[in-house]
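Asks: Following this message is one structure expressed as structure tokens.
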Amino acid sequence: MKVGILGSGGVAQTLASGFLLHGHEVTLGTRAPAKLAEWAAKHPKAIIDSVAKAAQFGELLVLAVKGTAAADALRAAGAANVAGKPVIDATNPIADAPPTNGVLKFFTDLDESLMERLQREFGGARFVKAFNSVGHPAMVNPQFKGGTPTMFICGNDETAKKIVSGIIVQFGWETADMGKAEAARAIEPLCILWCIPGFLHNDWMHAFKLLTKD
Ligand SMILES: NC(=O)c1ccc[n+]([C@@H]2O[C@H](COP(=O)([O-])OP(=O)(O)OC[C@H]3O[C@@H](n4cnc5c(N)ncnc54)[C@H](OP(=O)(O)O)[C@@H]3O)[C@@H](O)[C@H]2O)c1
């Protein structure tokens with residue numbers, strides 16, 4: 001697929017590397033392409049461009065920017081460039097405040113997630129929450145002693161979720177579909193839980209697994 005990644009940080013770089021590894025075409029979009037010079041030198045097949053150009057390029061988009069900047073990044077991408085496209089939303093609504101005893105602060109509450117806000121403003125986009133509750137070093141084909149980890153996803157568009165599930169499986173995960181966009185109220189806070197062992201014990205290498213009877 002042609003994948004447009006909005007972002008330049010660890011998540012954007014890791015997922016871009018994963019897409020390239022699995023044979024997809026990638027454009028990364030940033031306000032400051034120079035930031036990606038070192039990464040680009042190691043990944044000559046990737047294109048580095050503006051956020052709008054990356055959004056225009058992708059038939060599948062990835063939103064991988066700071067949560068407080070998510071809406072601004074999508075505005076920079078342009079509503080027309082995101083309309084109709086599946087958008088993997090890896091963002092978390094982390095507030096600009098330090099954690100308390102390892103517990104992050106969010107700027108949303110449990111009655112409204114960041115993804116619902118984005119879905120409301122960019123009604124044409126087909127958001128799928130994914131990749132938000134694991135650190136980026138474990139996003140692509142991770143090896144855990146406990147087996148295949150579970151990626152919790154949600155979103156209003158079934159076709160978009162199928163496309164994103166295919167990518168998740170390609171990246172070595174199993175998918176647990178939690179339903180419509182409102183489920184992001186539960187999936188986004190998994191990031192808070194995931195980060196606690198990191199802040200308390202510097203343990204950042206773990207992932208969630210949903211155990212079922214069958
Ligand atoms: N780090 C992880 O392991 C991890 C894991 C799961 C989920 N997440 C979530 O994934 C997202 C990306 O995380 P990250 O750690 O890779 O990067 P980050 O440091 O949270 O964010 C960097 C990105 O945010 C963009 N940005 C910052 N301020 C902006 C503004 N005012 N307007 C437009 N864009 C702005 C930057 O754009 P420019 O390139 O234009 O400067 C850059 O691409 C976050 O929402 C985070 O919560 C992170």
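The values are calculated or read from the model by the stated rules, or taken from the named source; none is laboratory data. Every value quoted in this text rests on a predicted model; they were computed, and no experiment measured them. Positions of Cβ are backbone-derived with ideal geometry, glycine not excepted, and every protein chain shown enters the neighbour counts. For the accessible areas, the whole protein counts, side chains as well, though only heavy atoms, and no ligand, DNA or RNA atoms are used. Shrake-Rupley method; radii C 1.70, N 1.55, O 1.52, S 1.80 Å.
Asks: Quick one: in the stretch 164-214, of everything that is in contact (Cβ under 8 Å) with a residue 60 or more places away in the chain and more than 24 Å from LYS66 (Cα to Cα), which residue is nearest to the chain's Cα centre (by Cα)?
Replies: My answer is GLN170.
Asks: Tally time: how many residues in the stretch 32-51 are surrounded by 18 or more Cβ atoms within 10 Å (Cβ to Cβ) and either in a helix (DSSP H, G or I) or within 17 Å of the chain's Cα centre (by Cα) (or both)?
Replies: 3
Asks: What number goes with the only condition from (1) open to solvent by less than 10 Å² (accessible area, probe 1.4 Å); (2) more than 15 Å from the chain's Cα centre (by Cα) that PHE127 does not pass?
Replies: The single condition PHE127 does not satisfy is (2).
Asks: Since GLU121 meets every condition but one in (1) without any contact (Cβ under 8 Å) to a residue 40 or more places away in the chain; (2) in contact with a helix residue (DSSP H, G or I) (Cβ under 9 Å, 6 or more places away or on another chain); (3) surrounded by fewer than 18 Cβ atoms within 10 Å (Cβ to Cβ), which condition does it not meet?
Replies: Only one criterion in (1) without any contact (Cβ under 8 Å) to a residue 40 or more places away in the chain; (2) in contact with a helix residue (DSSP H, G or I) (Cβ under 9 Å, 6 or more places away or on another chain); (3) surrounded by fewer than 18 Cβ atoms within 10 Å (Cβ to Cβ) is unmet by GLU121, namely (1).
Asks: Right, another one. Any residue at all in the stretch 90-113 that's within 15 Å of the ligand (Cβ to nearest atom), free of Cβ contacts under 8 Å to residues at least 40 places away in the same chain and of a type in the set (A, V, I, L, M)?
Replies: yes
Asks: Residue check: is ALA79 touching a residue at least 40 places away in the same chain (Cβ under 8 Å), open to solvent by 40 Å² or more (accessible area, probe 1.4 Å), farther than 24 Å from ALA95 by Cβ and more than 18 Å from the chain's Cα centre (by Cα)?
Replies: Criteria met by ALA79.
Asks: Determine which single condition ALA73 fails, assuming it passes every other condition in (1) without any contact (Cβ under 8 Å) to a residue 12 or more places away in the chain; (2) near the ligand (Cβ under 9 Å from one of its atoms).
Replies: Only one criterion is unmet by ALA73, namely (1).
Asks: Quickly run through the stretch 56-70 and pick out the residues that are within 12 Å of the chain's Cα centre (by Cα) and either surrounded by fewer than 16 Cβ atoms within 10 Å (Cβ to Cβ) or near the ligand (Cβ under 10 Å from one of its atoms) (or both).
Replies: Selection gives VAL62, LEU63, ALA64, VAL65, LYS66, GLY67, ALA70.
Asks: Can you tell me how many residues in the stretch 1-25 are within 15 Å of the ligand (Cβ to nearest atom) and assigned to a strand (DSSP E or B)?
Replies: Qualifying residue count for the region: 3.
Asks: Which pairs do you get when a residue that is open to solvent by 30 Å² or more (accessible area, probe 1.4 Å), found in the stretch 11-31, comes within reach of a residue that is assigned to a strand (DSSP E or B) and not aromatic (Phe, Trp, Tyr), reach meaning Cβ atoms under 6 angstrom, with the pair 6+ apart or on two chains?
Replies: That search, which allows pairs on different chains as well, returns LEU20/VAL26; GLU25/LYS2.
Asks: Listed residues LYS162, LYS145, LYS180, LYS209; which is of a type in the set (Lys, Arg) and in contact with a strand residue (DSSP E or B) (Cβ under 6 Å, 6 or more places away or on another chain)?
Replies: Answer to the check: LYS209.
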